[in-house]
Amino acid sequence: MALKDIASLKLYARVAHLGSFSAAARECGLAQSQVSRMIAELEASLGARLLSRTTRAVALTEAGIEFLTRVEPIIAALDDAENSVRENGELSGLLRIGMPSTMGIRVVLPRLAAFTERHPLLHIELLLEDQWQDMVKEAIDVGIRVGSLPDLAGTARQIGTMRRVIVASPDYLARHGTPANPADIENHRVVGGPAGSHISSWKFFRDGEETSINLHPQVSTNDTAGALAAASGGLGITSTTSWASRLELESGALIQVLPDWKMAELPVHAYFPMGRTTRMAARAFVDFLSTVLSSDPRHFGAPE
């Protein structure tokens with residue numbers, strides 16, 4: 001495989017994910033005409049149309065989807081081969097990471113500079129979404145997830161835990177009263193969020209005592225930031241993680257409810273989709289994030 005062919009494959013992958021020739025050109029430091037020509041030459045050599053071009057967007061054809069699925073593991077392997085012989089230990093290539101949006105914004109991005117300075121040749125894409133992504137389709141090298149994992153074929157590694165808290169706004173508590181024990185929450189409005197998704201009850205622990213309450217959320221959202229906004233706006237009590245609500249708790253926008261009671265900590269997993277378990281860059285990032293989580297015992301715990 002010639003270097004020109006490798007460059008064309010990498011360029012095709014970027015155009016496919018960005019959905020734009022101009023965006024790929026800017027990212028790669030090329031003229032848009034160069035990008036168009038290289039993709040056209042690639043299509044001609046394959047004898048297949050990979051991309052459907054319109055005045056507004058670039059979309060993958062069926063052949064393009066199949067080709068992208070098969071070529072991205074090759075690109076990843078080439079990046080790993082180059083990284084394995086790089087004497088200074090720097091990593092290069094593209095690393096795609098999927099994680100919950102609030103975790104990315106509040107935990108990872110403010111601390112990511114140390115990792116990027118260590119690996120300046122590595123291009124990182126963070127796909128922030130609270131819902132589980134199709135990691136094969138999105139070509140995600142590693143997914144970071146909070147809570148239990150679905151039954152998947154890939155490899156998972158628990159890298160920490162996150163502490164859960166119950167919070168509400170001062171205004172809401174002033175209007176409806178502050179729960180003195182878990183049972184009191186059943187008489188309050190509850191905001192359902194990702195930390196409690198697919199959960200019909202909350203369990204609490206104190207001094208060897210365990211109790212649970214049934215949930216009947218009046219308002220629910222699939223986004224952590226949305227649940228925090230709802231609780232801050234006085235819509236009710238919500239369950240979240242201490243790291244997600246740290247800013248609101250410090251500012252007084254939210255108050256922790258039942259601080260003497262504990263809830264089960266949520267596991268944090270790094271998930272490697274099938275066929276991507278050997279990515280050096282992905283492993284390096286997970287090691288970095290594991291260190292980040294273990295450095296702040298106020299909000300995070302060690303893996304069980």
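The values are calculated or read from the model by the stated rules, or taken from the named source; none is laboratory data. Just so we're clear, the structure is a prediction, and the values are computed from it rather than from any experiment. Positions of Cβ are generated from backbone atoms using ideal geometry, with glycine treated the same way; all protein chains shown enter the neighbour counts.
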Within the stretch 80-120, residues at pLDDT below 90, polar (S, T, N, Q) and farther than 13 Å from residue 144 by Cβ come out as 83, 84, 88, 92
Would you please list the contacts, defined by Cβ atoms under 8 Å and residues six or more apart or on different chains, that run from a residue in the stretch 246-274 that is more than 21 Å from residue 205 (Cβ to Cβ) to a residue that is among the acidic types (Asp, Glu) and part of a loop (DSSP other than H, G, I, E, B)?
272/141; 273/141
Is it the case, given these coordinates, that residue 25 is surrounded by 19 or more Cβ atoms within 10 Å (Cβ to Cβ) and free of Cβ contacts under 8 Å to residues at least 12 places away in the same chain?
yes
Per the list (1) modelled with pLDDT of 90 or more; (2) touching a Pro at 6+ places or on another chain (Cβ under 6 Å), residue check on residue 229 breaks on (2)
Among the residues in the stretch 129-142, are any among the basic types (Lys, Arg) and closer than 18 Å to residue 286 by Cβ?
no
From the list 180, 153, 168, exactly one residue is among the small types (Gly, Ala, Ser), exposed (fewer than 14 other Cβ atoms within 10 Å of the Cβ) and modelled with pLDDT of 90 or more. Which is it?
180
What are the residue pairs meeting all of these: first residue in the stretch 163-176, first residue closer than 16 Å to residue 240 by Cβ, second residue among the acidic types (Asp, Glu), Cβ atoms under 6 Å, and 6 or more apart or on different chains?
163/265
Among the helices (runs of 4 or more DSSP H) contained in the stretch 216-304, which hold 3 or more residues that are surrounded by 21 or more Cβ atoms within 10 Å (Cβ to Cβ) and either hydrophobic (A, V, I, L, M, F, W, C) or not assigned by TED's automatic domain parsing to the domain that holds residue 135 (or both)?
224-232, 280-294
